[in-house]
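Structure first, then comments.
Readers should treat all values here as calculations from the given coordinates under stated rules, not as data from a laboratory. Predicted model only: the values in this text are computed from it and were never measured. Positions of Cβ are backbone-derived with ideal geometry, glycine not excepted, and every protein chain shown enters the neighbour counts.
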């Protein structure tokens, strides 16, 4: 399900530029930023790089044939 959300022209311009650099749609770029921001807000002690790498690792597991490592 999708929902229409109004954003500022400035944010839309930034998302459009970054989406081209990152090779994703503008909507996907905004969703990515929202996910990073929500995760950072929920985990204020974690550095951005750790959050980004963790989300990337989870996506790799979800969208590829890799398996999650189980300790022990």
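Taking 0.36 nm per residue of separation and subtracting the current Cα-Cα distance, fully stretching the chain between residue 55 and residue 71 would add 3.8 nm.
Measuring nothing but how far apart in sequence close Cα pairs (under 8 Å, 6+ apart) lie, relative to its length, the chain scores a relative contact order of 14 percent.
Rounded to the nearest 500, the 222 nm mean residue ellipticity of the chain from helices alone is -21500 deg cm²/dmol, with -39,500 (n - 2.57) taken per DSSP H run of at least 4 residues. Taking 7 Å steps out from each Cα toward its Cβ at residue 42 and residue 6 produces label points 2.9 nm apart.
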